[in-house]
Structure formats: C-alpha cells, structure tokens
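First up is the structure itself, then whatever we jot down about it.
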Amino acid sequence: MSPKRFRVGRLDHVHIRVPDRDVAARWYADYLGFDTVDRYEFWASGIEGGPLQISADGGKTMLALFEASEGHPMAPQVTGVAFSVDAESFTAFARSLPNGINGPSGEPLRTNDVVDFDMCWAYNFTDPWGNQFELNCYDYERIRTGLVQAYGVDPVRYWPRSLYDQYRK
C-alpha cells in the first residue's frame, strides 16, 4: 500500500555553496539579475554561517548562498532544494510523521524534527538517494500555535531566539 499522497508547494529556494557569499551575490546580480531579499537579511548578518537570500523575482523563488566551510555552525549544508507550503499542508505533513521519509541523519523524520528559524518553520529530509530537501512554512504564528504548542512539539533550534529578538529591536 502506498502512503497518502502529499503535494509540496512551490519551489522556495535552492541551497548553493560558495567560497564567498558577497562575491557570489555580485556575480548573480551582474550576470543573472539577482538582488538581496531584505526581509531575510537577519539570516546573513545575524547568524554566523547563515544564508544570504537572493532572488531575481522579488523573493518568490530564491538562492540561499552559504559560504562553504567545514566549520559551519548549523547542519552541514549541501546543495539542496527547498519547497514552501501553507500552514495547513505543513501541519498535515508534520502530523503524518513518521511516514517513510528520512531526515538528513538517515533516521525516520519525526514531528519533533521541525526547525524553528524564527521567521519560518522547516523540515529537512532526504529522498532515498540522499538528495536533500527542505519543507518551509512562513506562516510562523499559525505553526507555532497550531502545531508546536497544540501538540507539545519541541522544535530544533540552531541559534537562540534572543539573537532574532535583538535583531528586531
């Protein structure tokens, strides 16, 4: 019996590893028309090793530029694809776990594997061939109340919330 069919939303961003984010951002700007997406600037300036989000369509789809280094403070970044879904789809996906999809560690993906990025929520997972994906939801408050609080989920955090709170001041 095949699992219930889930549909990802739109393509959100692609993880790109580069030796220098600023040099790469200039190249993408000069040759392909990409601009920095200001609303995600916190990840680039407030988090060591965080991505610089750039886009050629006003932020509908993006490239997330990560500086390649072995000492990256978050989960090791590899080239990967991220999809974005609405709160209902994200919650349905979370409630279906574990469902045969593995996380990057190779272990079954579980509801508590949700990552709190302060501006969005995400699940990182792999396909059976080791390709990495991310499922994002930017409806932060609806996921916080309707999934995390409602089901007692203890999310993964890569940095303390206080960094984001300081950034917002």
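The values are calculated or read from the model by the stated rules, or taken from the named source; none is laboratory data. Remember, it's a predicted structure, so these values are computed and weren't measured experimentally. When we count neighbours, we look across all protein chains shown, and the Cβ atoms used for this are built from the backbone with ideal geometry, even at glycine.
State whether the residues of the range 53-62 include one that is among the basic types (Lys, Arg) and modelled with pLDDT under 90.
Looking for residues that are among the basic types (Lys, Arg) and modelled with pLDDT under 90, one finds none in the range 53-62, hence no.
Residues of the range 89-106 that are part of a helix (DSSP H, G or I) and at pLDDT below 95: Ser89, Ala92, Phe93, Arg95.
Checked against (1) at pLDDT 90 or above; (2) outside the structural domain of Pro160 (by TED's automatic domain parsing), Leu109 passes all but a single condition, namely (2).
Can you find a residue in the range 119-138 that is among the hydrophobic types (A, V, I, L, M, F, W, C) and in contact with a Leu (Cβ under 7 Å, 6 or more places away or on another chain)? Yes, there is a match, as at least one residue in the range 119-138 is among the hydrophobic types (A, V, I, L, M, F, W, C) and in contact with a Leu (Cβ under 7 Å, 6 or more places away or on another chain).
Among the conditions (1) surrounded by fewer than 18 Cβ atoms within 10 Å (Cβ to Cβ); (2) in contact with a strand residue (DSSP E or B) (Cβ under 6 Å, 6 or more places away or on another chain); (3) aliphatic (A, V, I, L, M); (4) at pLDDT 90 or above, Leu65 misses just one, which is (1).
Residue check: Asp127 meets all listed conditions (1) modelled with pLDDT of 95 or more; (2) of a type outside the set (Val, Ile, Thr); (3) in contact with a Phe, Trp or Tyr (Cβ under 8 Å, 6 or more places away or on another chain); (4) loosely packed, with under 14 Cβ neighbours inside 10 Å but one, namely (1). Residues in the range 38-48 that are buried (at least 18 other Cβ atoms within 10 Å of the Cβ) and at pLDDT below 90: 1 in all. Residues of the range 107-142 that are closer than 18 Å to Val8 by Cβ, in a strand (DSSP E or B) and not β-branched (Val, Ile, Thr): Trp121, Ala122, Tyr123, Asn124, Phe125, Gln132, Phe133, Glu134, Leu135, Asn136, Cys137. The single condition among (1) exposed (fewer than 15 other Cβ atoms within 10 Å of the Cβ); (2) over 19 Å from Asp12 (Cα atoms) that Trp159 does not meet is (1). Scanning the range 22-37 for residues that are surrounded by fewer than 18 Cβ atoms within 10 Å (Cβ to Cβ) and part of a helix (DSSP H, G or I) returns Asp22, Val23, Arg26, Trp27, Ala29, Asp30, Tyr31, Leu32. Of all residues in the range 143-163, those that are part of a helix (DSSP H, G or I) and under 19 Å from Ala82 (Cβ atoms) total 2. For the range 5-21, residues that are in contact with a helix residue (DSSP H, G or I) (Cβ under 9 Å, 6 or more places away or on another chain), among the basic types (Lys, Arg) and in a loop (DSSP other than H, G, I, E, B) total 1.
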